[in-house]
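Trainee: If you scroll down you'll find the structure; I have some questions about it.
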Amino acid sequence: MGYFDSFNDFIHMGGHGFYVWLCYAIVFIGMVSQFVLAKLSAKKNIKLLSQYYRRAAARKKSQANNDS
Amino acid sequence: MELISSEFNSDNLIEITNLTVIRSDFPVFSPVNFSLGAGQAMQIRGTNGAGKTTLLRAICGLCHSLEGEISWNDEVITPAHQNFYQSLLYIGHALGLKPKLTIEQNLSFFQQLRFELDSQLIQEAMQAFGIAELYDEYVAKLSAGQKRRVSLCRIITEPVPLWILDEPLVALDVDGQQWMLDICNQHLERGGILLITSHQPINGIHNLRELTLS
Amino acid sequence: MWNWFFQLASPKWFYTIARKVTPWLSVLMYSLMLAGLVLGLIFSPADYQQGNTVRIMYIHIPAAYMSMMIYVIMAVAGAIGLVWRMKMAHIVSVSCASIGAMFTALALLTGAIWGKPTWGTYWVWDARLTSELILLFLYLGFMALHSAYDDKKAADKASAVLALVGVVNIPIIHFSVEWWNTLHQGATLSKLEKPSMDTSMLWPLLIMIVAFKLYFVVTLFHKIRGEILLREKQASWVKKLVADSKQ
Amino acid sequence: MKNFNRIVTRELSVVFRSQSEFVYPLAFFIMVTSMFPLAVTPEPAQLAFIAPGVIWVAALLSLLLSLNAFYQSDFQDGSLEQMLLAGVSGSLIILAKAFANWIVTGLPLVLIAPIIGVLLNLELQANMIAMLALLIGTPSLCLIGAIGINLTVGLRNGGVLLTLLVLPLFIPILIFGASAVEAASIGKNYSGQLAILAAILILSLMLAPFAAAAAMKISID
């Protein structure tokens, strides 16, 4: 399989497996978390805004009641 | 007592069209329209937080997120509008006085930025506001009312047609208020323009128009 | 050309386009990322000097490259926002910051981990690592300044000014650090840079660089969409969109 | 140009009214540098070795310390907006204030540096070069610092933020300044470093006033 003779070899990476996999893990975690946060932000903000509009409408209503 | 000696151009005109200031997505006040020509005065009214100060600062070009137009003598004002800034005096809540300088140093600094130094005029102005004997005093030692008087001296030491005064009567005693109103009237007679805010009703300025912010 | 430019400036237009384009870009990004990983981790050979640690290069170099590119994009967008008072440009600039900071941090971390087997220590005051560290400071400054202002518009303008000052400074900082480094340590640490790279290593690297760029674009588009919604909350199209999404 | 002189004169007379303020950064400089023999070692050769870095880091920090006093009060008491309204351009105000800042804070550092150099066992040659490098380098620090302080002056706790924004931008000056002194102390050529410091000064003279003026207008708004 590719450059390596066996799966064990692949994990071991000629003694440097720890460093290589640590790097890939850090980059993976960083990029995925950033990506997920970004992806959720639109959804989160839609929820936030729907609450905001509801509150704004309620405020308007109570103001109208006060005026009359 | 004649204090305002210069006559102003009778063509001076400031026009405000649909002006409002946007703060965190909302206009601070509903759009404002008015124009003031030579000899005209206007008082801006409104409750606390209605945006009186903001409006004045916007007209001076100190606010950036504004909508609408301000023009001086038919020219739209841009940040580099020398003509407008040569004609304008704004006195706000922050008086721009350095506590560690004397009254005279403060006044002559501002005078020299736009005009030639005229110590005589500075003396007269201080006389008019009843602070002549404090000539060499450091501003740090003055009371709030005295500081206000010092800043108001600038309306005499810097003879410009357009005065924009934010709460000029605050902290002044009865005498001070009367002097102030007299000087405003003289200014208007000479063809000046006055834009003023005040909590209390102002009695004594002729033909004062009112604009209420909402 | 100008027409397109100003259309781009409309948040609504950008939102709809970004929404249509991102799925396609995402697919492309995933496949390139996968191809790059397979090539880099499995099929490319080990380096004759560094052994398998060279595989860190396939993520380290793209991350370092992105960290600099994003700063420039951030500053250019900020400048456009300042000059043409374009809302969209400020949104782009601000959305860039956290992605750029992340790439900078990743480049630093992977560089440090790479350093351990290569130089025998996690951190050396190598010119590239030092510049990257300073770049991280610049990003953090940008983000801190932006969040310190209460008024969004003022925050946008202030941080755009800072980004511009930073972008003028980056070449100077880079030059000074490089120069300082050669003065103090000699040119002994050139192991990271090989004069010629074998194609079997070049391909995965290039694919990863493109994949990282696509990742940046996709993430940026997601962030921008979130930001647009918040900032345009008074616009009728946002109100409609929010109302529609509830059903 | 007239207005430049007036603003500088005004700044200086404000500062000299209360000497204490302008002595602070200088005292800070002297005290920080005298901490190093206590913290590291009083051994003369080692002291001479760290001296360039110590002098420059201390100079950097004391200039940073002086910025707040120089800009905050003008911002709060309305002087800045009054100057702008009098038609003085923002970049001229910045240039004048940065110049005054340098006279009050930078120049004393330049003058006191040789004494610190002697305390840190720097040789005469290196000492003179330290003075020269500070003379060329500190004005850039004042100009770059002006950008940072004008960005943060309107904020509630801008002090720490200012440090975060400005220190990375100071790095090139720190590197070349300290390296010029170091080169002089080991008898190498130092003219390159001084030339680069001068180039940085010219660049910051050309660009920093505009950036700082833009920042000032944002903060006033």
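Trainee: First measure r as the distance between the Cβ atoms of B:ASN83 and B:THR47, then evaluate 1/(1 + (r/R0)^6) with R0 = 41 Å and state the FRET efficiency to the nearest 0.05.
Mentor: 0.75
Trainee: Just subtract the alpha-carbon distance of B:GLU137 and B:SER35 from 0.36 nm times their residue separation and send over the number in nm, one decimal. Don't jump to the answer; show the numbers that get you there.
Mentor: On the way: separation 102, 0.36 × 102 = 36.72 nm, distance 4.05 nm.
Full-extension gain reported as 32.7 nm.
Trainee: Which part of segment C:130-166 falls in the paramagnetic zone of A:LEU37, meaning amide N under 14 Å from the point 7 Å along Cα-to-beta-carbon?
Mentor: Within reach of a label on A:LEU37, which here means backbone N under 14 Å from a point 7 Å along Cα→Cβ, segment C:130-166 contributes C:140, C:143-144, C:147.
Trainee: Interface size between chain C and chain D, please: total buried accessible area, 1.4 Å probe, rounded to the nearest 100 Å².
Mentor: Summed over both sides, the interface buries about 2200 Å².
Trainee: If each of D:VAL118 and A:ILE26 carries a label point 7 Å out from its Cα toward its Cβ, how far apart are those two points in nm?
Mentor: Distance between label points: 4.9 nm.
Trainee: Go through D:153-164, C:77-88, C:149-160 and give me the packing order, highest mean Cβ count within 10 Å leading.
Mentor: The most tightly packed comes first, giving C:149-160, C:77-88, D:153-164.
Trainee: Run the quick spin-label model on B:ASP182 and B:HIS93: label points 7 Å from Cα toward the beta carbon, then report their separation in nm to one decimal.
Mentor: The two pseudo-label positions are separated by 3.1 nm.
Trainee: Determine the share of segment C:24-241's accessible area contributed by carbon and sulfur atoms, expressed in whole percent, with a 1.4 angstrom probe. The partial results should precede the final answer.
Mentor: On the way: 6140 of 8730 Å².
Summing carbon and sulfur atoms, their accessible area is 70 percent of the total for segment C:24-241.
Trainee: Now a separate question. With every protein chain left in place and a probe of 1.4 Å, what is the accessible surface of D:TYR24, to the nearest 10 Å²?
Mentor: Surface accessible to solvent at D:TYR24 totals approximately 140 Å².
Trainee: Report, to the nearest whole %, how much of the accessible area of segment D:2-220 belongs to carbon and sulfur atoms, 1.4 Å probe, protein only.
Mentor: Working: 5880 of 8180 Å².
After summing per-atom areas, the C and S share lands at 72 percent.
Trainee: Just tell me which aspartates and glutamates come within less than 17 Å, Cα to Cα, of C:LYS223; anything on the same chain fewer than 8 places away is out.
Mentor: C:ASP156, C:GLU232
Trainee: Report which residues of segment C:132-152 become buried by 40 Å² or more of accessible surface when going from the isolated chain to the complete set of protein chains (1.4 Å probe; DNA, RNA and ligands ignored).
Mentor: Buried-area filter returns C:PHE137, C:LEU145, C:TYR149, C:ASP151.
Trainee: What is the mean projected area of the alpha carbon convex hull for segment D:2-220, to one decimal in square nanometres? All intermediate terms of the calculation are to be shown ahead of the outcome.
Mentor: On the way: hull surface 46.9 nm².
Hull-based average projected area comes out at 11.7 nm².
Trainee: Looking at segment B:38-61, which residues lose a minimum of 40 Å² of accessible area between their chain alone and all protein chains in place, measuring with a 1.4 Å probe and not counting ligands or nucleic acids?
Mentor: B:ARG57
Trainee: Another question about this same structure. I'd like the residues of segment D:136-166 whose 1.4 Å-probe accessible area shrinks by no less than 20 Å² going from the isolated chain to the full set of protein chains.
Mentor: Relative to the lone chain, where solvent access is computed with a 1.4 Å probe, segment D:136-166 loses at least 20 Å² at D:ILE147, D:LEU151, D:LEU155, D:ARG156, D:LEU161, D:LEU164, D:LEU165.
Trainee: Dividing the alpha-carbon Rg of chain C by 2.2 N^0.38 Å yields what? List each step's numbers first, then the result.
Mentor: Numbers: Rg = 20.4 Å, N = 247, 2.2 N^0.38 = 17.9 Å.
It is 1.15.
Trainee: Report the per residue volume, in Å³, of the convex hull enclosing the C-alpha atoms of segment D:103-221. Intermediate values should be presented prior to the final figure.
Mentor: Values: hull volume 12.0 nm³, N = 119.
Measuring per residue, one finds 101 Å³ for the Cα hull of segment D:103-221.
Trainee: P(r) for the protein assembly as shown: what percent of alpha-carbon pairs falls in each 20 Å bin, starting at zero?
Mentor: 14, 38, 33, 13, 2, 0
Trainee: I need the fraction of alpha carbon pairs in segment B:96-159 separated by more than 16 Å, rounded to a whole percent. It would help to have the intermediate numbers written out before the result.
Mentor: Working: 654 of 2016 pairs.
The answer is 32 percent, as a whole percent.
Trainee: Further, regarding this structure: Inside 10 Å of the C-beta atoms of C:167-176, what's the mean count of C-beta atoms belonging to other chains? Walk me through the intermediate numbers first.
Mentor: Details: counts 0, 6, 10, 1, 1, 10, 6, 1, 4, 10.
The mean count of partner-chain Cβ atoms within 10 Å per residue comes to 5.
Trainee: Rounded to two decimals, what is the ratio between the C-alpha radius of gyration of segment A:29-68 and 2.2 N^0.38 Å? Before the final figure, lay out each step's value.
Mentor: Numbers: Rg = 17.3 Å, N = 40, 2.2 N^0.38 = 8.9 Å.
In units of the 2.2 N^0.38 Å rule of thumb, it is 1.93.
Trainee: Could I ask something else about it? Per residue, what accessible area does the protein assembly as shown have, given a 1.4 Å probe and all protein chains present, in Å²?
Mentor: Numbers: 32860 Å² over 750 residues.
Dividing the accessible area of the protein assembly as shown by its residue count gives 44 Å².
Trainee: Also, quick follow-up: Whole Å is fine, so just give me how far the alpha carbon centre of segment C:42-79 lies from that of segment B:128-166.
Mentor: Spelled out, the Cα-based centre of one part sits 64 Å from the other.
Trainee: With N denoting the number of residues in chain B, provide Rg(C-alpha) divided by 2.2 N^0.38 Å, to two decimal places. Intermediate values should be presented prior to the final figure.
Mentor: Working: Rg = 16.8 Å, N = 214, 2.2 N^0.38 = 16.9 Å.
In units of the globular-protein estimate, chain B measures up at 1.00.
Trainee: Based solely on its DSSP helices, what 222 nm [θ] is calculated for chain C when runs of n ≥ 4 H residues each add -39,500 (n - 2.57) and the sum is averaged over all residues, nearest 500 deg cm²/dmol?
Mentor: Values: 8 runs with 196 residues, N = 247.
Value at 222 nm, helices only, nearest 500: -28000 deg cm²/dmol.
Trainee: Something else about it: Once B and D are treated as a pair rather than alone, how much accessible area drops out, both sides summed, in Å² to 100, probe 1.4 Å?
Mentor: Interface between B and D: roughly 2500 Å².
Trainee: Carbon and sulfur together cover what percent of the accessible area of chain B at a 1.4 Å probe radius? Intermediate values should be presented prior to the final figure.
Mentor: Numbers: 4140 of 8870 Å².
That fraction is 47 percent.
Trainee: Here are some pairs, B:LYS98/C:LYS152; C:LYS213/C:LYS233; D:LYS97/D:LYS217; C:LYS12/D:LYS217; C:LYS12/C:LYS233; A:LYS44/C:LYS87; which of them have Cα atoms lying more than 20 Å apart in this structure?
Mentor: Working: B:LYS98/C:LYS152 32 Å; C:LYS213/C:LYS233 30 Å; D:LYS97/D:LYS217 15 Å; C:LYS12/D:LYS217 30 Å; C:LYS12/C:LYS233 11 Å; A:LYS44/C:LYS87 22 Å.
Check vs 20 Å cut-off fails for B:LYS98/C:LYS152; C:LYS213/C:LYS233; C:LYS12/D:LYS217; A:LYS44/C:LYS87.
Trainee: Using 7 Å Cα-to-Cβ label points, what is the B:PHE115/D:LEU92 separation (nm, one decimal)?
Mentor: Calculated label separation equals 1.8 nm.
Trainee: Protein chains only, probe 1.4 Å: how do B:GLU75, C:GLU227 rank by accessible area, largest first?
Mentor: So the residues, ranked largest to smallest area, are B:GLU75, C:GLU227.
Trainee: Please report the buried accessible area for the interface of A with C, total over both chains, probe 1.4 Å, in Å² to the nearest 100. Show your work: numbers first, answer last.
Mentor: Details: alone 6600 and 13820 Å², together 16930 Å².
Rounded to the nearest hundred, the buried surface is 3500 Å².
Trainee: Right, another one. So if we plug the beta-carbon distance of A:HIS12 and D:SER18 into 1/(1 + (r/R0)^6) with R0 = 51 Å, what FRET efficiency do we get, rounded to 0.05? Provide the component values of the computation, followed by the final result.
Mentor: Working: r = 70 Å, r/R0 = 1.37.
With a Förster radius of 51 Å, E is 0.15.
Trainee: No solvent, one uniform scatterer per C-alpha: report log10 I(q)/I(0) for chain A via the Debye equation at q = 0.12, 0.19, 0.28 1/Å, two decimals.
Mentor: The Cα Debye sum returns log10 ratios of -0.60, -0.84, -1.07.
Trainee: Rank these by accessible area, largest first, 1.4 Å probe: D:LEU92, D:LEU197.
Mentor: Numbers: D:LEU92 45, D:LEU197 0 Å².
Ranked list, largest accessible area first: D:LEU92, D:LEU197.
The values are calculated or read from the model by the stated rules, or taken from the named source; none is laboratory data. These numbers come from a predicted model, not from an experiment. In this analysis, Cβ positions are derived from the backbone assuming ideal geometry, glycine residues included, and neighbour counts consider all displayed protein chains. Surface accessibility is based on the protein's heavy atoms, side chains included, excluding ligands, DNA and RNA. Shrake-Rupley method; radii C 1.70, N 1.55, O 1.52, S 1.80 Å.
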